[in-house]
Each structure stands twice: as structure tokens, then as C-alpha cells.
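The values are calculated or read from the model by the stated rules, or taken from the named source; none is laboratory data. This structure is a prediction, so every number in the text was calculated from the model and none was measured. Because the Cβ atoms are built from the backbone with ideal geometry, glycine has one as well, and the counts that use them run over all protein chains shown.
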Amino acid sequence: MIKRLLTVVALAALAAVSQAAEVPAYSSPDQVMATLAARYPATRIDAVRESGLPGVYELAMGRKLVYVDASGTYFLFGHIFDLAANRDLTEERLQELARVDVSAIAADQLLDAGVAQGQGRRVVYVFSDPACIHCRQMEKTLAVLPDVDIHVVVLPLQEGSMAIARDIWCAADRQAAWSAWMLRGEQPKAAAPSCDAERVMRRNLDLANRFGIRGTPGLVSADGRVSMGAMNARDLAAWLAAGQTSNAISEVSQ
């Protein structure tokens, strides 16, 4: 709470300084961007927009957010909180920036067409390493989660996992081989020398890098949200439901 209050005080001070500084009566995000580009030409700034706090602008720098006054002189690194609503507005924006385009996941990169449990209305893409203990834990959670459509992207990050990934990918029934290994520890049959799985695994590694997935398990929702690490069934269900809620709100607003 103290950290939140300090951040709010700092932002208020930044807004006050901005209003006192010699800046135009009104600065648009485009004007702020032009000012910053002229002052800091070597700094990458992807976008500028109003923060919701008068006189303070939000800078998107990759997947990071920074706040600046209208003059482009004073910067603040921190979070904006709506204390009345108990919302971390900066964290919400960071999650938006971190969303990925799930259409970039090609069908031939998936373990199979997907495992639908129940009606399969909730879709999740799981970036999983066959040598990852936490991934095995996640598989057990997914196996009992109702009403979900699971798509696995095999991601051999750990030492020695490429060989297991290859044997699973080259199996006659990939899903059966994957489940047997991840849930029961049953070693897959050795792949035929002619089976080329490395090409797909390299594509999966490139895709994970584009999505900012540096470890496993990595979960991607149908609306592009990314979550790193294993979750229990309750937290995973809530995370998937949050995507359904945001989609419903988006459809109503259109």
C-alpha cells in the first residue's frame, strides 16, 4: 500500500511539474512523440498516449511502460493505481502490450488437432518441454480441466529434451505418445532416422521467442494473453474465464 501511495504522489508531482513547465497549453501524444524523438533520437519509443492523469503521458517502449510530462523533460518509472477501484492500471496495460497473435501458430506446429474436453469452448495453447517437471504437473491439471480445447506446442528447451521431443513427434500417434510420457513416464518408441522433427522444433523455438516465452510451461489464451509457469486448476479456470469476459465486453462495445 505504501508503495502504491508513493507512486500516486510521484505521478501527481509529475503532473504538477508538467503544468508549471513552459509547455503548450495542450500537448497531443503526437507532439510529445515529436519532442522526445528530437531530444532522444537513440531511444526507441513505440507509442505515446495519454495516461489518464492530466499532463502525464504513457510511453510504450517494447513491453515496458514509462511516464513522462508534456514537456518531455521529467520521466517516472512505476505504476499508476486506481486506489478507489483497487486496480493497477499499469499492469493492465502491460498485459495488453504482452498479447500475442495466436494466428501465428501454424497448424503443423501443434502436436495434433487439439484435445477437446467437454464442449471445448475455452482454448489454450500450451508451450511445453517434455523434460520439464512443471510441464508434467501442468499436463495433469489440464487432464482434469472441463470444457477446454488444448493445443500443445512442443518446446524442447532443456538439455536432452530434443531427443524425447523427436521420438514423440515422430510417433504414429503423437498425442498418445505425449500423454503416456507426460502423465505416466512411459518412454516413447525411438524415432526412425528418416523422421525430421528438428525443423518443426526450431520453428517452435522461434515462435516462442517471438511470443516472449523463455521457459516452460507457457500458456497462451485464445485472445493472446500469455502466462508463464504452471497453475492449479482453479487459477487456470479463472485465467481462461477472464479472456471470455474481455471478449464479451469487446463484442458488446462494437
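Observations on the structure shown:
- The range 107-125, subset under 19 Å from ASN204 (Cα atoms) and without any contact (Cβ under 8 Å) to a residue 60 or more places away in the chain, residue farthest from the chain's Cα centre (by Cα): ALA113
- When each of ARG184, ARG174 is tested for being surrounded by fewer than 19 Cβ atoms within 10 Å (Cβ to Cβ) and touching a residue at least 60 places away in the same chain (Cβ under 8 Å), the lone residue that passes is ARG174.
- Hits in the range 126-163 - residues which are touching a helix residue (DSSP H, G or I) at 6+ places or on another chain (Cβ under 7 Å), assigned to a helix (DSSP H, G or I) and of a type in the set (A, V, I, L, M): ALA143, MET162
- Unmet requirement for ASP82, which otherwise passes all of (1) of a type in the set (Asp, Glu); (2) free of Cβ contacts under 8 Å to residues at least 12 places away in the same chain; (3) assigned by TED's automatic domain parsing to the domain that holds PRO156: (3)
- Checked against (1) part of a strand (DSSP E or B); (2) free of Cβ contacts under 8 Å to residues at least 40 places away in the same chain; (3) of a type outside the set (Gly, Ala, Ser), TYR67 passes all but condition (2).
To keep it simple, each residue is scored yes or no on (1) at pLDDT 50 or above; (2) of a type in the set (A, V, I, L, M, F, W, C).
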residue: LEU5; (1), (2): no, yes
residue: VAL8; (1), (2): no, yes
residue: SER27; (1), (2): yes, no
residue: VAL32; (1), (2): yes, yes
residue: THR35; (1), (2): yes, no
residue: ARG39; (1), (2): yes, no
residue: ARG44; (1), (2): yes, no
residue: ALA47; (1), (2): yes, yes
residue: GLU50; (1), (2): yes, no
